[in-house]
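Heads up: the structure comes next, in structure tokens.
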Amino acid sequence: MTAAIELIGITKRFPGVIANDDVNLTVKRGEIHAICGENGAGKSTLMKILYGMQAPDKGRMLIDGEEVKLSSPGDAIERGIGMVHQHFMLADQLTVLENVILGSEPTSRGFVDFTAARTHFDEVGEAYGLTIDPDDLVETLEVGERQRVEIIKVLFRGAEILILDEPTAVLVPQEVEELFRNMRGLRADGATILFIDHKLQEVLEIADTITVLRQGRTVATVDPNEVNAGDLAELMVGSELPTPATGASTVTDEVALHVKGVTVLDVDDRPVVDDVSLKIRRGEIVGIAGVEGNGQHELVSAIIGTLDPSAGAISLNGENIAHWSVRDRREAGVAYVPQDRQSEGLLLTAPLWENAALGHQTRPPFSKGVWVDRAGSKERTEEIRSSFDVRTPNIDVSAHALSGGNQQKLILGREVTSEPKLLIASHPTRGIDVGAQAAVWDHLRRSRSDGLATLLISADLDELIGLSDTIVVMFRGKLVATLDPNDVTPRDLGAFMTGAHLGDEHTPTINQAVQQ
């Protein structure tokens, strides 16, 4: 059988970096082919080349046996290749149908032909078993449903080869199961799927074939029935698969953070955080589980000071900081690892030593009075580089030059070395490989044992269960459960996160010790 895709000797260089180094990849027609590798292994660059977003410096690309040169995503779409990006590209205020046809609108006499669009939409949904109401507003959809819209969108344009980039990153286990059912249905109907993921157990569950990239090269193509997660981790990073387990409790009686009755309203005066109360003690990690969009981000924003709560108190070491400035909170000991490291955590064009000072530039060693202490900043950055294994040729390179995992280690190092009283870690391992993930977990565990109070927000439910001393679940702005991580599974968490347990007589109530 002619391969759907053949990439032969693909090489792509950037200044100072070889992203792809003589990469070879063969994907059979009608299979789910997973691509694994640590951050900086070349996965994203290779997929951008396949989708026409970048041109290779060397190498050949064959689609169904025919050599092609793709100069744009439009060229890729014409060849039947579609890409579903990790961050959804949907307009919330438009309907499902309007999002699907956007940029590819069928027309009649100069007007959008919605009748033809709806007919084709229904045909695609029926052919691939992807059902969703075309008249629903995207802003009303759950995360899994939004992803389904993205898949329908590429199929609507005639894609027979789908690239799914980290598609499970924000899904609960039940939504992952639904996605995998959809993927198997697509495969049964003849679609070819390239699946990029860091979660090795998921890769083993869904893939027909797995290709591993390491340092820009193809190191192996394996049958998932003949390897395990440890084998894949060894191929990817040369070490065993890490686990997030924390070990013995280090929780003290000293309360570092007390959130009491906090409410945050949106622009329409609706509560997005609704009367939330919780406590975090020194040496404790409290994890928040919740489908994105259920108030976790707004709660974090209220604690760090970028949103002003309409009601409630936020106390740090017994002092109400609810209406303090962001700067005052930072100087009082609130450290923050943001959910989007590139847009919220770094100045990508600035050197590493300047990024190491962000949020702490008013205090030594980054300043002397009102002046920037360049020598002190560089010395602290070198300490972070060494202690947190930030892999970089020097601290004068821009943050943009680092891989995602090294960017994350730089941010975590910056925050932890500031001697905080409270660390808020929002999705600290999202989009990073198992090696960097293990390093982040190690530092969170070490900080916990040193007495740091930590609020952990994560879509990785194994991470939440492994690292947390207590897990609280947010649903529609409220805390609906407080759970012992020793007695809960990812599937149990998923049920609470989607509201499946609401009304169940066995649903745990909010722990009174947390609420008071």
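Throughout, read-outs are computed from the coordinates displayed, never taken from laboratory work. Since the model is a prediction, treat every value here as computed from it, not as a measurement. Neighbour counts are summed over all protein chains in view; Cβ atoms, including those assigned to glycine, are modelled from backbone coordinates with ideal geometry.
Exceedance of the 18 Å cut-off in Cα-Cα distance is limited, within the set Lys28/Lys58; Lys12/Lys58; Lys378/Lys409; Lys421/Lys478, to Lys28/Lys58; Lys421/Lys478.
Computing FRET efficiency as 1/(1 + (r/R0)^6) for Asp92 and Val372, where r is the C-beta to C-beta distance and R0 is 35 Å, gives about 0.30. Put a dot 7 Å past the Cα of Thr209, heading toward its Cβ, do the same for Ala245, and the two dots end up 3.7 nm apart.
A Förster radius of 35 Å combined with the Cβ-Cβ distance from Asp328 to Arg184 puts the calculated FRET efficiency at roughly 0.10. Over segment 5-237, all Cα pairs binned in 5 Å intervals from 0 give whole-percent P(r) values of 1, 6, 14, 18, 19, 16, 12, 7, 4, 1, 0, 0, listed from short to long. Work out the FRET efficiency for Thr349 and Asp113 from their Cβ-Cβ distance, taking R0 = 35 Å, and round it to the nearest 0.05. Calculated value: 0.20.
Loop-located GluC sites (Glu not before Pro) in segment 203-300 (DSSP state other than H, G, I, E, B) with a sparse environment of at most 10 neighbouring Cβ atoms within 10 Å are absent. Only beta bridges with both residues in the chain are counted; by DSSP, about 55 percent of them are antiparallel.
The convex hull around the C-alpha trace of segment 350-416, projected and averaged over every direction, spans 3.9 square nanometres. Relative to the current alpha-carbon distance between Val17 and Asp64, full extension at 0.36 nm per residue lengthens the span by 13.8 nm. With the simple spin-label model, which puts each label point 7 Å out from Cα in the Cβ direction, the Arg491 to Glu319 separation comes to 4.9 nm. Counting only DSSP beta bridges with both residues in segment 5-237, the antiparallel share comes to about 60 percent. When the alpha-carbon atoms of the chain are used, the pair Rg, Dmax equals 23.9, 73 angstrom.
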